[in-house]
Amino acid sequence: MRVELPPEPLYFVNRDDERERAVRAAADWQSRSRPLVLALSGPGGLGKTELAVLIARTLGDRDPFTDGVLSVDLDDFRADGVLDPGDVLSQLLNSLDVSPDQVQAQYAARCAQYWNRTSEAKLILLLDNARYASEVVPLLPASGTSVVIVTSHGPLYDFEAGAAVDLALPPLDERAATELLDLIVHDHRLAADPEAARAVIRLCGGLPAALHVAGRWVRTHRLRPLSRLLADLTAELDDKGISGVEQIWDTAYDGLSRPAALLYRLLAHHPGETFTLHSATALSGLPMEDCQDALEELDRAGLLDLRLLAQTEAGQMRLPGPLRAHALRRSRQETAETEAAEAQTRLVRWLVRQAQLADRFTAGKRLTVVDLLDPVPGTPDVPLEDPAHAADDHVRAERATRAARWLDEERHVLFACSRLAYRRGMDAETVALSEPVWTHALDHPHESGALEVFRRAVDAAVRHGANARWLVRARCQLARPLWESGALADAQQQIDGAMSALGLLGDSAQDRKLAASAVEHGGMLKGLRGEWDAALADFAASRDLHRAIPNPYGALLQTYRMGEASAKTGDLETARRLLSEAHTGFVAEQRERLVGRSAFALAGVLVRLGETDQARELYQRSLGQADKRRSDFDLARIHDALAELDTAEGHLPQAEEHRRTAENVRRRNGLV
C-alpha cells in the first residue's frame, strides 16, 4: 500500500475538535457514489497541512485504506498561478500504479480513466493548497469508501451545498498558543516573565507558523531577557502597521547574515515551486559551502520548508507560498533588478546544462541541435554519473535510471525554467531545454507542461529566425505530442514547417540527420492517417539519407519502420525480411525498447505467414522486454496476441489466462 505522507509534526497542539469532527464524519458517511470531502480552510500559517496529515493518519489507523494514502500539493502543478488538473490526474494515476504510457492523452478520457480506476478504491487523498472547488472536483475519486482532505486559504464556496464537511480553522487561543510556544522553546524565561511571553504570543496572532519562527528566534538568543527580546522584536516595526506574522518574518529576516538574506530574496525568483542545494548555489552565486550554511540558517530562522528533502532524490526544498511572497516583497525593497536578472540568467544556464547531461545519461548520445552548455563557474554539476563509463551492464542501467529520475523529479522546475528563459529572450536555452523534456516525455507522455515547452521552443526558433536546425528540430518535437493527442491537422502544420526549413540546412552530417528525421516524422504522421504506401516511401527516403551520412543506427530505425509499414500494406515477405534485419541490429545495439517492439512486430508478421512456433518465441521475448521495462501498453497487447495465437491453435485454457492477464493490466490502468 502506497502512503505518501510526511512524518507527523514534532509539535502540534489543539485542533481536537476538528479531528473529532473529521473522524465522526468518516464513521457516519453512507454514500456509495462519492467520497467524503473534508475541507480545511484558514489563512497561511495556521497549520492546515499538518492537521490534514494527522487526520489522514488517524483515519488510516482506525480503518485501513487498502488502496493507499495519496498526497498532492496543487501548488506544484501551477503555471503562473493557474492549475493544470490534467497533470495532477496524471500524477494520481501514476501513484495508483497506472503505467505512464497508459495515461490517456485527452483530458476527458483521463478523467474517465481516473474515475474508472477509483470506482472501487478505498483510499485517502490529501489535496493541499486548493484555491477553488472547481480545481478539486475532477480529482475526486469515484468511490464512496474514499476520503478526500482538502486544504485552502479560504472556504471553497463554489462547492455544491453539502458536498464537503467544512472545517474552518481559527487561530490558536492563548492557552494553546502558550502550550505550543513552550514545547518549541523549552525555556525557563517563559515562566519567569509571563507578561513578556503573552506579548510574544499576541504578536504571533495565534498562527503556529509564526510561533515556530518566534520560538526559534527566542532559542537563538539564550542570554537575553525575554522582555528585551520582545522589545527587539517589535520596536522597529510598530509604526508599519503590518500583521503580526509579517512582523515575525521581517524580524527573522533582519536577523539573517548577509549571504542568507541574499539567498532568501533571490529564492523568490527561482523558477518552479522547489529548489535544491545545487540550484540555490547557481541562483545565488555563493560558494556551495556558503550556500549550504545560508540554507541551514534559513531553516533555523523558520524561513524554509525541508519536508521534501528526504522524500526526493534530488533533495528538494521550498519556500511555502506565504514565505515566497514575503521573500519577493523583501527582494523588491532591497534587491536591484539587475541582480535578480543576473541570478536568473545564471540559474537558467545551469539548469539547462544539468538537463542536457541527464538527457545524455538517460538516452545516450543522440542528435541534438544545441551544444552542451559550459559549466557555471562556482557551481558544480548535479552528481549524476555517465553510464558510458560504467564497468558493467547493471551499473550502466542504474546510472541511466537515476538520470531519468532526476528529469522526472525536476520536470516542473524545467517547465518553469523554459517559461523564464523564453520571457528573458534566451532562445538558445529555450530550444535546448526542449531536448531533455523530449526524452522525459517519451516515457511520460501527455503532460501539458511538456507540450508547452515544445511550443515555446518553436516560438523561440521562429523569433531567433537565423537557425534552421532549431526550426526543424523544434517543429518535429512539437508534432509528435500533437498527433498523440489527436490534433493531426496541427501536427501536419508543424511537419510542413519543418520540411520548409530543410532547404535552409547545410550539408553537414548533423544537418543531414535532421533532414532524415523530418522525413521520418512525416512518414509517421502519414501512417497514423492510414496512408501506409506514402509512409513507406518516406521511411525508405529517410533510410537512404541515413545511409549516405553514414548513420547506421538511423538507417536501422528506418528499416524497422519500413518493416511495420510493409506489414500494413500486406507485403508480408518484405516485412519479415526488414523486421528480422532490424531486430537483429537492435539486439546488437542493446536498444531494449526497440528489441521488444521489433520482436512483437516480427511475430505478428510470422503469425500471418503461418510460422506460429517462431512467432510464439518472439512474443515471449517481447513479453520479457516489456516486463523488464514495465511497459503496461506492451504487456497488454502481447498478452492479447498470445491469446489469439493460443485460440487459433486450440489451447483454450492458456488463451483465457492471457486474456485475463491483459484485462487485469488494463483494469490496473483504469482502462476497463
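Laboratory data are not the source of any read-out in this text; all were calculated from the coordinates shown. Note that the structure is predicted; figures quoted are calculated from it, not measured. Positions of Cβ are generated from backbone atoms using ideal geometry, with glycine treated the same way; all protein chains shown enter the neighbour counts.
Points worth noting:
- Compactness of segment 158-220 was expressed as the Cα radius of gyration divided by 2.2 N^0.38 Å, which yields 1.45.
- Principal-axis tilt of helix 107-117 within the chain, Cα atoms, nearest 10 degrees: 80
- Treating each Cα of segment 13-53 as an identical point scatterer and summing with the Debye formula, the log10 of I(q)/I(0) at q = 0.15, 0.20, 0.31 Å⁻¹ comes to -0.43, -0.69, -1.17.
- Order of TYR264, TYR157 - criterion: other Cβ atoms within 10 Å of each residue's Cβ, fewest first: TYR157, TYR264
- Of interest is the spacing of the C-alpha centroids, which for segment 173-206 and segment 282-307 amounts to 28 Å.
- Helix 321-334 axis, angle to the chain major axis (alpha carbon atoms, nearest 10°): 80
- Listed by chain and number, the lysines whose alpha-carbon sits under 30 Å from that of LYS365, ignoring those within fewer than 8 places in the same chain, are LYS513, LYS526, LYS628.
- Descending semi-axes in Å of segment 64-200, equivalent ellipsoid built from Cα gyration tensor: 39, 16, 15
- Of interest is the spacing of the C-alpha centroids, which for segment 104-155 and segment 434-496 amounts to 30 Å.
- Ranked by the mean number of other Cβ atoms within 10 Å of their residues, highest first, the peptides 52-59, 188-195, 103-110, 174-181 fall in the order 52-59, 174-181, 103-110, 188-195.
- Translational D in µm²/s for the chain (Stokes-Einstein at 20 °C, 1.002 mPa s, Kirkwood Rh from C-alpha pairs): 77
- The simple spin-label model puts a point 7 Å past each Cα toward its Cβ; for ALA108 and LEU528 those points are separated by 1.9 nm.
- Taking amide H atoms as placed 1.01 Å from N in the peptide plane, the amide H of VAL37 lies under 5 Å from those of VAL148, VAL165, each 5 or more residues away in sequence or on another chain.
- P(r) weight above 22 Å for segment 258-335, C-alpha pairs, percent: 11
- Calculated mean residue ellipticity, 222 nm, the chain: -20500 deg cm²/dmol, from DSSP H runs (n ≥ 4) at -39500 (n - 2.57) each, averaged per residue and rounded to 500.
- As a proxy for reagent exposure, ranking LYS48, LYS628, LYS526, LYS365 by other Cβ atoms within 10 Å from fewest up yields LYS365, LYS628, LYS526, LYS48.
- Spatial separation of Cα centroids for segment 653-668 and segment 394-421, in angstrom: 34
- Applying Stokes-Einstein at 37 °C and 0.692 mPa s to the Kirkwood radius of segment 533-672, computed over alpha-carbon pairs, gives a translational diffusion coefficient of 209 µm² s⁻¹.
- Here's the list of aspartates and glutamates a cross-link from LYS568 could span, going by alpha-carbon distance under 20 Å and ignoring same-chain residues fewer than 8 apart: GLU484, GLU520, GLU531, ASP533, ASP538, GLU581, GLU611, ASP634, ASP640, GLU644.
- Here segment 337-464 is described by how far its Cα atoms reach on the three principal axes: 48, 36, 24 Å, from widest to narrowest.
- On Cα atoms only, tilt of 612-629 relative to the major axis of the chain in degrees: 20
- Relative contact order (%) - the chain, alpha-carbon pairs under 8 angstrom, separation at least six: 10
- Annotation: the residues ILE149, ILE184, sorted from fewest to most other C-beta atoms within 10 Å of their own C-beta, follow the order ILE184, ILE149.
- Packing-based order for 634-640, 566-572, using average beta carbon neighbours within 10 Å, highest first: 634-640, 566-572
- Segment 1-110, relative contact order in percent, only Cα pairs under 8 angstrom and at least six apart counted: 30
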